[in-house]
Amino acid sequence: MTSFLLTLLPVKPFLAQTDQSVSSSGSPVGVIFGLLFAVLMIVALWKVFTKAGQPGWACLIPIYNIYVLCKIVGRPGWWVILMLIPFVNFIIAIILCIDLAKSFGNGVGFGLGLAFLGIIFFPILGFGSSQYVGPVAGKI
């Protein structure tokens with residue numbers, strides 16, 4: 001009885017189902033831009049880590065790169081655990097970005113740029129003239 005009623009409906013009741021004969025692959029342009037974005041960020045972070053005297057390859061290792069970033073800015077290593085807590089990690093990431101900017105002699109505005117426009121500000125920090133002045137967290 002229900003299958004008869006479904007044939008009377010003008011639209012498909014299951015919108016999540018797709019026709020298997022149609023390919024749903026993404027655009028190659030989107031894939032290329034995604035790869036370019038990833039390579040740019042990896043190279044920029046590599047440069048930031050090496051400017052701070054840390055190994056550049058550390059930016060490639062998940063979770064360890066946050067630990068190294070905490071060392072660069074002078075925060076304790078247990079802040080990595082805070083980065084694993086939902087919603088708390090947003091606040092901690094902003095604080096780390098501000099501390100990173102200060103560790104390279106830049107201000108709070110540059111740190112907010114790192115937090116919210118990282119695709120622009122991390123290459124500026126990595127390839128620019130900013131020099132690492134040491135960890136600033138905890139200093140007044």
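Data overview
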{"quantity": "Taking the stretch 57-105 and dividing mean pair separation by its residue count, relative contact order in percent (alpha carbons under 8 Å, at least six apart)", "calculated": "30 percent"}
{"quantity": "FRET efficiency, Val39 to Val133 (Cβ-Cβ, R0 25 Å, nearest 0.05)", "calculated": "0.35"}
{"quantity": "For the stretch 75-84, Karplus couplings with θ = phi - 60° (6.51, -1.76, 1.60), whole Hz, Gly/Pro x", "calculated": "8, x, x, 5, 5, 4, 5, 5, 6, 8"}
{"quantity": "Share of pairwise Cα separations in the stretch 70-129, more than 18 Å, in percent", "calculated": "32 percent"}
{"quantity": "Global size of the stretch 17-123 as Cα Rg and Dmax, reported in angstrom", "calculated": "17.0, 57"}
{"quantity": "Rounded FRET efficiency, nearest 0.05, which uses the C-beta distance separating Lys71 from Ile91 and R0 of 22 Å", "calculated": "0.65"}
{"quantity": "Length-normalised contact order for the stretch 42-140 - Cα pairs under 8 Å, 6+ apart - percent", "calculated": "30 percent"}
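Read-outs: derived from the displayed coordinates by stated rules, not from any lab. Keep in mind that this is a model prediction, so the values were computed, not measured. Cβ coordinates were reconstructed from backbone atoms using ideal geometry, including for glycine residues, and neighbour counts include every protein chain displayed.
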